[in-house]
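Quick notes on the structure that follows.
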Amino acid sequence: MGLRSENVTKGVEKAPARSLFYAMGYTKEELNRPLIGVVNAKSEIVPGHMHLDKVAEAVKAGIRMAGGTPIEVPSIGVCDGIAMGHDGMKYSLPSRELIADSVETMAIAHCFDGLVLVPNCDKIVPGMIMAAVRLNIPTVVCSGGPMMSGLVKGEETSLSKMFEAVGARKADIIGDAELLEYEENTCPGCGSCSGMYTANSMNCLSEAVGIALPGNGTIPAVESGRIRLAKEAGMSIMNLVEKDIKARDIINEKSIRNALACDMALGCSSNSVLHLLAIANEAGVELNLEIFNEFSSKVPNLCHLAPAGGTHMHDLNRAGGLRAVLNELDKKGLIDTSLITANGKTVGENIKGHEIKDDNLIKPVSCPYSETGGIAILWGNIAKDGCVVKRSAVDESMLKHTGPARVFNSEEDAIDAIYNGKIVDGDVVVIRYEGPKGGPGMREMLNPTSALAGMGLDKTVALITDGRFSGASRGASIGHVAPEAYDGGNIGLIEEGDIIEIDIPDSKINAKITDEEFENRRKSYVCPKEPVKDGWLARYQRNVSSAAKGAVMK
């Protein structure tokens, strides 16, 4: 089978295309080699991406060493931490679709023979992978690696603690000087924020699903091992191109189940549910919320990284990384070790002999943090199509909770009430019209969850939303409620003071309201939000699917 790039490099009729390559300085020898697209999300607005030029250069070196011609192209990327708490966050999840579409566009328009994807942060990783399985060409992911943790008062800290410090300052628990200490020392440099937040979750799951090389999820951004990994990724793509091993040969039903098992063991971000659903959709694999709970019920939780605990990604790396986690899961037969991965080896070959180096950081399967996984799906009359909670970051006392609804039609209204002391022990904060359509864009609610945690309310107050949460959120934070309020979901009919019952172990969430009462309220219901009229979010609002389907574009 010929190379895809021959469509732009071979034959008399392709002389105009070759002349344009020559204009860029490519030689005839380079055009006679496979053309590999290196999709680089480097920018100067995302800490996780500020160093990706160095990672991409190493990838390109690896491609050249293995006989290919690297061609670097760009990708956009939103920094969720900077976009948090204002209208910018409405663009974060939708940007995933833009990224997938742009990678598809560049790869097909220029006939790349393979891709090395160089992302690092939240939506960029899944967006690029969605494109890879849509295109189904040889692909390797090589992320930029996690940030080191900061140090405040002699303790490791990360972005979740920074946001919680804001809540503590608002409650006068800490003063300006302590807040400034967090501000200046929490994020010490380049890399994806250092806890098991969404970026690191997806970089780990990229490794677990096999599309990234071993070490991709945990080798710190600042270590030379990250550059060596990038060179290996460049060499690996040439092997995949030679053997015509495509993205869907690696990402399929069995490997997605490996990723699900890893997700539960690590206690990944609740956003991983959205992204795995979206990737599965592109790969043509049936995946639903029931399958998530199937894995949650049988896969033990082995890690408590921030925000669930006080350890961070560099700690996980020195404890053995993903290979140690997967090796542990294999002891209970929870993963398929026969599957091919991006380095041409099987999962079993990659993880063989990789034992836990510190069982304070990775628990053995014989003595896990819990026998159930880090993520749980709940159903009930508030969420007939399901909702998501990061169970591993919920205090034991809040696994079951009953309290009165405190209802808000936007994140801003809720955060104002929290900061002004209007939320008290026992309350259930309900934030609605923040779903994929209602937001639009399904904003993350890290500000309100962090405010509650910083004020010491994370063990007494629950939060429910049809929006979503940052991986840095902790406490009884229940998101992705579907159907969302804007789409007629019952969460839009909840009234102030309604009693909400949450039972995470039993996968239930209900308002103590009869079906008849819901129907009576629906008769007089008027949606308080007007459709978006301007910008591409209007198009997104019209076409995005439910969170229960991964918030993909229809």
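The values are calculated or read from the model by the stated rules, or taken from the named source; none is laboratory data. Quick caveat, the model's predicted, so the values are computed rather than measured. Ideal geometry is used to build each Cβ from the backbone, glycine not excepted, and the neighbour counts take in all protein chains shown. The protein model used for the area step is the full one, side chains on, heavy atoms only, and it has no ligands, DNA or RNA in it. Shrake-Rupley method; radii C 1.70, N 1.55, O 1.52, S 1.80 Å.
One table, with the values for the structure above:
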| read-out | value |
| --- | --- |
| Residue within segment 227-237 that is open to solvent by 30 Å² or more (accessible area, probe 1.4 Å), under 18 Å from S338 (Cα atoms) and modelled with pLDDT of 95 or more present | no |
| Only listed residue being open to solvent by 10 Å² or more (accessible area, probe 1.4 Å), outside any loop (DSSP other than H, G, I, E, B), at pLDDT 95 or above and under 26 Å from N216 (Cα atoms), chosen from G344, G353, G348, G333 | G348 |
| Every residue from segment 29-50 that is over 21 Å from E242 (Cβ atoms) and free of Cβ contacts under 8 Å to residues at least 40 places away in the same chain | S43, E44, I45 |
| Hey, A548 part of a helix (DSSP H, G or I) and closer than 30 Å to K298 by Cβ or not | yes |
| Cβ pairs under 8 Å, 6+ apart, first in segment 362-376 and free of Cβ contacts under 8 Å to residues at least 40 places away in the same chain, second open to solvent by 10 Å² or more (accessible area, probe 1.4 Å) and assigned to a loop (DSSP other than H, G, I, E, B) | C367/D359 |
| Count of residues meeting criterion [over 16 Å from I478 (Cβ atoms) and either outside any helix (DSSP H, G or I) or without any contact (Cβ under 8 Å) to a residue 60 or more places away in the chain (or both)] in segment 413-425 | 8 |
| Enumeration of residues in segment 238-263 that are open to solvent by less than 20 Å² (accessible area, probe 1.4 Å) and not in a helix (DSSP H, G or I) | I251 |
| Filter pass, K153 being in contact (Cβ under 8 Å) with a residue 24 or more places away in the chain, open to solvent by 30 Å² or more (accessible area, probe 1.4 Å) and under 23 Å from G421 (Cα atoms) | no |
| Residues within segment 166-192 that are free of Cβ contacts under 8 Å to residues at least 60 places away in the same chain, crowded, with 21+ Cβ neighbours inside 10 Å and assigned to a helix (DSSP H, G or I), tallied | 1 |
| The lone exception for G386 - which of (1) closer than 30 Å to D498 by Cα; (2) open to solvent by less than 10 Å² (accessible area, probe 1.4 Å); (3) out of contact with any helix residue (DSSP H, G or I) (no Cβ under 6 Å at 6 or more places or on another chain) it fails | (3) |
| Hits in segment 407-429 - residues which are open to solvent by less than 50 Å² (accessible area, probe 1.4 Å) and under 29 Å from the mean Cα position of the chain (by Cα) | V407, F408, S410, E411, A414, I415, A417, I418, D427, V428, V429 |
| Segment 455-493: number of residues that are surrounded by fewer than 24 Cβ atoms within 10 Å (Cβ to Cβ) and either β-branched (V, I, T) or at negative phi (or both) | 10 |
| Positions within segment 430-445 being open to solvent by less than 10 Å² (accessible area, probe 1.4 Å), over 17 Å from A393 (Cα atoms) and part of a loop (DSSP other than H, G, I, E, B), in sequence order | Y433, E434, G435, P436, G438, G439, P440, G441, M442, R443 |
| Flag for T449 being at pLDDT 95 or above, within 18 Å of V394 (Cα to Cα) and of a type in the set (S, T, N, Q) | no |
| So R318, is it open to solvent by 50 Å² or more (accessible area, probe 1.4 Å), within 16 Å of A208 (Cα to Cα) and not polar (S, T, N, Q) | no |
| Any hit, segment 66-77, residues being under 24 Å from S270 (Cα atoms), within 15 Å of the chain's Cα centre (by Cα) and open to solvent by 10 Å² or more (accessible area, probe 1.4 Å) | yes |
| Extreme residue, farthest from P528 (Cα to Cα), among residues of segment 397-406 that are of a type in the set (A, V, I, L, M) and open to solvent by less than 10 Å² (accessible area, probe 1.4 Å) | M398 |
| D122 being in contact (Cβ under 8 Å) with a residue 40 or more places away in the chain, among the acidic types (D, E), touching a Lys or Arg at 6+ places or on another chain (Cβ under 9 Å) and open to solvent by less than 10 Å² (accessible area, probe 1.4 Å) | no |
| Residue in segment 19-37 that is touching a Leu at 6+ places or on another chain (Cβ under 7 Å), open to solvent by less than 50 Å² (accessible area, probe 1.4 Å) and under 30 Å from G535 (Cβ atoms) present | yes |
| Failed criterion for M553 (all others in (1) open to solvent by less than 20 Å² (accessible area, probe 1.4 Å); (2) of a type in the set (A, V, I, L, M, F, W, C); (3) within 22 Å of the chain's Cα centre (by Cα) hold) | (1) |
